[in-house]
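One structure is given here, and the rest of the page talks about it.
Here, each number is a calculation from the coordinates, and none is a lab measurement. Quantities reported herein were computed from a predicted structural model and do not represent experimental measurements. Cβ placement follows ideal geometry from the backbone for every residue including glycine, while neighbour counts extend to all protein chains displayed.
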Amino acid sequence: MEVSDNQCCFVCGPDNPVGFKARIEVDQDKRSAQCTLAVAAEYQGWQGMVHGGIISALLDEVSAYAGMTVGSTVVTGELTTRFLKPVPVEQEINVSAQVVKQTRRVVMVVAQLVMQGQLLASAEAKMIVVRS
């Protein structure tokens, strides 16, 4: 499978007019990625709470960035998200991920969403290597 980046990713794409334009920082040595942002009220589910799909998208995106620290392009094969507490809109959150295991074709990543030191959501991602 061939994949290409047109800079329009909903989470990180700078050319997506309705996206987050998240600036994701990568640490190659630690095989990790993270970003800090506040989610606007337009992306709420219940009043004042970030929609669960948005939370999953954020965890997925940092997982992909962490997964690519192994030197290959990856796509999500599986994402298991745990919603532990509501994530309030318009509050600064940190979303981070780290590679925990790698085989030839699969990169396993764990991710978390934290606000003021409190874990609000987590995920386990199975990222599939699509090319080296």
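Computed quantities for the displayed model
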quantity	calculated
Net +/- balance of residues flanking residue 72 in space, Cβ distance below 11 Å, scoring K and R +1, D and E -1	+3
Shape parameters for the range 79-129, alpha-carbon atoms, Rg then Dmax in Å	12.6, 40
Net charge contributed by nearby residues that have their C-beta within less than 13 Å of residue 117 (K/R +1, D/E -1)	0
Given charges at Cβ of Lys, Arg, Asp, Glu: the chain dipole, positive-most of 106, 76, 4	106
Those lysines that a straight Cα-Cα span of less than 20 Å connects to residue 85, excepting residues fewer than 8 apart in one chain	none
nm² value of the averaged projected area, convex hull over the Cα atoms of the range 24-101	5.4 nm²
Fraction of the pair-distance distribution of the chain above 19 Å, Cα-Cα pairs, percent	47 percent
Surface/4 estimate of mean projected area, convex hull on alpha-carbon atoms of the range 1-53, nm²	5.4 nm²
Loop-resident sites, the range 10-109, for GluC sites (Glu not before Pro), counting at most 14 other Cβ within 10 Å (DSSP)	90
All lysines inside 23 Å of residue 30 as judged from Cα atoms, apart from same-chain residues fewer than 8 positions distant	101, 126
